[in-house]
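Notes for the one structure printed next.
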Amino acid sequence: MSTEKIQRVGVIGAGQMGAGIAEVCARAHVDVLVFEQTRELAAAGRARILRSLDRGVSSGKITEREREQAAWRLRFTSDLGDFADRQLVVEAVVESEEVKTEIFRELDKVVTDPDAVLASNTSSIPIMKIAVATENPERVVGMHFFNPVPVLPLIELVTTLKTSEAVSARAEAFAGEVLGKQVVRSSDRSGFVVNALLVPYLLSAIRMVESGFATKEDVDKAMVLGCAHPMGPLALTDLVGLDTVKSIADSMYTEFKEPLYSAPPLLMRMVEAGLLGKKTGTGFYQYNRG
Ligand code: NAI
């Protein structure tokens, strides 16, 4: 096993999660290369990270100098070929098995370190489905971060039947020692630990609203005031992204055929309408984008 400390990380995708992952890595003094499909998306990703770093400064979590240094450690590319020297790559693109497997197929050809960690941030796709697209499935793990990444301390580490112990130990050490995150290990089942519990709850809340049983405001208020949750399930669905919640539900339903995991029609219609939640400005609630 390579004992070399991970200092060169690649992040694929600079959406909500990719941007957050890139930010925490840069704040942890790691060199970060971020892939986005186009220059425009890369610029939007960079702006997203800079806004978050600015919030970190205004809330006193980081200093001006830390913000400057983190921004300086971030580079962007639209060529996966640039990832050859990466020791850890975290993929955080759209929750699609097809898109992810294609990326891993290419990534595996590019990354040269045999002990490199190739991680997916998928919320629900079994990691083995992604790993088998590569020639080296022992390098592939799930590293499931939580949203917002700079705030939430958990990473679910998902190992497959083929992941090598060296690679999972390297991923765990990076998560804990470099990023300062807490790790829980999960077996390779759709939804892992958190979403297997969380997503049926979110879907049940959507069904309550859909059936007119209670208003979205009252469902959210009930869980915030009655159960001390920091936000209600509809607000949380907006934060996660309705497309992502639907994709997670679809993966879990495919795996378990459990009716509680099937996406309710209201969720499907809202996704079709492009009402994806906070990231598009409208979901169950309205948001000021920026
Ligand atoms: P997002 O919608 O904010 O970002 C999606 C990213 O995928 C963007 O960078 C986009 O450019 C890229 N993308 C879309 N189609 C692509 C393609 N064909 N090829 C390459 N890149 C493509 O989504 P978000 O929320 O960042 O989710 C990303 C991943 O993280 C998903 O796998 C999701 O399940 C997972 N995740 C999401 C969480 C959440 O709360 N939103 C929490 C934990 C994991």
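Ratio to report: Rg/Rh of the stretch 36-172, with Cα atoms as the point set and Rh obtained by the Kirkwood method; give two decimals. Could the numbers behind the result be given before it?
Numbers: Rg = 15.9 Å, Rh = 16.1 Å.
Rounded to two decimals, Rg/Rh equals 0.99.
Please report the relative contact order for the chain, taking Cα pairs under 8 Å with a sequence separation of at least 6, and give it as a percent rounded to a whole number.
Working: 528 pairs, mean separation 39.9, N = 290.
The normalised contact order for the chain reaches 14 percent.
Put a dot 7 Å past the Cα of residue 136, heading toward its Cβ, do the same for residue 154, and the two dots end up 3.1 nm apart. Relative contact order of the stretch 101-219, taken over Cα pairs closer than 8 Å and 6 or more residues apart, is 22 percent. Its Cα centre serving as origin, the stretch 196-280 has a Cβ charge dipole (Lys and Arg +1, Asp and Glu -1) of approximately 80 debye. Computed about the Cα centre, the dipole magnitude for the chain is approximately 680 debye when only Lys and Arg (+1) and Asp and Glu (-1) carry charge, each at its Cβ. Comparing 12, 127, 103 in a Gaussian network model of the chain where C-alpha atoms under 10 Å apart are linked, the largest mean-square fluctuation is found at 103. Protection proxy ranking of 116-125, 211-220, by the mean of other Cβ atoms within 10 Å over each peptide's residues and highest first, is 116-125, 211-220. Distance between the C-alpha centres of the stretch 98-122 and the stretch 124-195: 13 Å, rounded to the whole angstrom.
Given R0 = 22 Å, the distance between the Cβ atoms of residue 194 and residue 228 translates into a calculated FRET efficiency of 0.80. Pairs exceeding a 24 Å alpha-carbon distance, out of 257/279; 61/246; 129/216; 246/279; 61/100: 257/279; 61/246; 129/216; 61/100.
Note on residue 5 and residue 43: the model spin-label points, each 7 Å out from Cα along the C-beta direction, lie 3.7 nm apart. Over all other residues within a Cβ to Cβ distance under 11 Å of residue 200, the charged ones net out to 0, with Lys and Arg as +1 and Asp and Glu as -1.
Would you be so kind as to identify all helices of the chain, as entire DSSP H runs, whose Cα atoms reach 27 Å or more along the helix's own axis and whose mean Kyte-Doolittle hydropathy is at least -0.5? The partial results should precede the final answer.
Working: long enough: 39-58 (28 Å, -0.23).
Both cut-offs are met by 39-58.
Who wins for biggest fluctuation among 26, 222, 133 in a Gaussian network model of the chain, springs between alpha carbons below 10 Å? Per the Cα network of the chain with a 10 Å cutoff, 222 tops the list.
Panel note: the C-alpha atoms of the chain, placed on their principal axes, show extents of 56, 45, 34 Å (largest first). For the stretch 196-280, relative contact order (Cα pairs under 8 Å, six or more residues apart, normalised by length) works out to 34 percent. Shape analysis of the stretch 196-280 based on the Cα gyration tensor places the equivalent ellipsoid semi-axes at 19, 15, 12 Å, largest first.
Quick note: the coordinates plus some simple rules give every number you see, no bench work behind them. Only a predicted model underlies this, so the values are computations on that prediction, with no experimental measurement involved. Don't worry about glycine lacking a Cβ; one is built from the backbone with ideal geometry, like all the others, and counts go over all protein chains shown.
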